[in-house]
Amino acid sequence: MKRVCVFLGSNPGTKPDYLKAAQDMGAELARRGITCVYGGSNVGLMGALADSALAAGGEVIGVIPTALQEKELAHTRLTEQHIVSSMHERKAMMAELSDAFIALPGGMGTLEELCEMLTWAQLGFHKKPCGLLDVDGYYSCLCAFLDNAVGQGFIQPLHRTMLLSAPTPGALLDQFGNYVAPVVNKWIERPQAL
Ligand code: AMP
């Protein structure tokens with residue numbers, strides 16, 4: 001695993017544990033010689049992740065759309081910073097560059113990015129692992145939602161297992177090392193062809 005993409009809050013959140021988790025993730029990726037791919041910003045948890053990975057001697061690749069760069073939110077000390085024209089282009093490039101995807105605590109942007117990678121995974125468009133860094137149970141509501149969706153017949157049980165979760169960066173990255181993507185038909189009850 002050479003490059004891991006991290007989605008995380010452009011805000012720091014209310015608990016110091018969130019900031020620490022972003023810093024720990026950056027340091028752990030650097031320690032393992034894994035390049036960190038992320039949204040290229042210098043604010044919130046995003047900035048903390050990049051600063052920590054760089055401080056630990058790691059490589060960091062940012063992918064930021066012009067609209068955000070123009071607001072002076074772009075990190076200026078990254079190993080590489082790609083300026084792209086749209087959010088769609090950015091997500092496609094982050095996906096292309098990366099061997100795995102992690103969501104740390106964050107808001108709408110983080111959720112949207114994670115869900116797109118999971119959606120592509122369950123359609124078999126990629127076989128890369130996706131995981132949550134579940135800091136202080138931040139993602140327990142999302143996990144409960146997904147478990148309910150399985151119970152209600154909207155998500156295949158095996159597709160649910162595609163979202164890994166761990167409380168520490170090391171434990172999550174270890175799980176990624178053993179991950180084999182399940183092969184399942186996306187549709188739970190495909191109508192009979194006439
Ligand atoms: P959010 O969770 O809503 O704070 O959004 C964070 C995610 O959306 C990150 O993973 C980024 O890829 C993207 N994003 C949101 N805000 C920014 C920003 N100010 N600069 C760069 N990327 C951002």
Sparsely packed chymotrypsin sites (Phe, Trp or Tyr not before Pro) within the range 12-102, loop by DSSP, other Cβ within 10 Å at most 11: none
Mean Cβ neighbour count within 10 Å, used as a protection proxy, ranking 127-134, 51-58, 29-36, 173-180 highest first: 127-134, 29-36, 51-58, 173-180
Accessible area per residue, Å², the range 3-177 with all protein chains present, probe 1.4 Å: 46
Debye, to nearest 20: dipole size of the range 3-177, +1 on Lys, Arg Cβ, -1 on Asp, Glu Cβ: 160
CD proxy at 222 nm, helix term only [per DSSP H run n ≥ 4: -39500 (n - 2.57); per residue of the chain; nearest 500]: -12500 deg cm²/dmol
Percent RCO, i.e. relative contact order, over the range 3-177, from Cα pairs under 8 Å lying at least 6 residues apart: 22
Longest site-free stretch - the chain; sites: GluC sites (Glu not before Pro), DSSP loop, at most 16 other Cβ within 10 Å: 73-188
Given charges at beta-carbon only (K, R positive; D, E negative), |dipole| of the range 82-185 in Debye: 220
Lysines with Cα under 25 Å of LYS186, excluding same-chain neighbours fewer than 8 positions away: LYS91, LYS127, LYS128
³J(HN,Hα), Karplus 6.51/-1.76/1.60, whole Hz, each residue of the range 61-71, x for Gly, Pro: 10, x, 9, 10, x, 3, 4, 7, 4, 5, 7
Listed residues HIS75, SER165, TYR179: farthest to the positive end of the dipole of the chain (Cβ charges): TYR179
Shape of the range 1-55, Cα gyration tensor, a/c cut at 1.5: prolate
Hits among lysines - C-alpha to C-alpha of LYS20 under 24 Å, sequence gap 8 or more where chains match: LYS2
Accessible surface of the chain [probe 1.4 Å, protein heavy atoms]: carbon and sulfur percent: 56
Normalised per residue, the volume of the convex hull around the Cα set of the chain (Å³): 118
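The values are calculated or read from the model by the stated rules, or taken from the named source; none is laboratory data. In this text the structure is predicted, and so the values were computed from the model without any measurement. Reconstructed Cβ throughout: ideal geometry from the backbone, glycine too, with neighbour counts over all protein chains shown. Note: accessible area is taken over every heavy atom of the protein model, side chains too, but ligands, DNA and RNA are not part of it. Shrake-Rupley method; radii C 1.70, N 1.55, O 1.52, S 1.80 Å.
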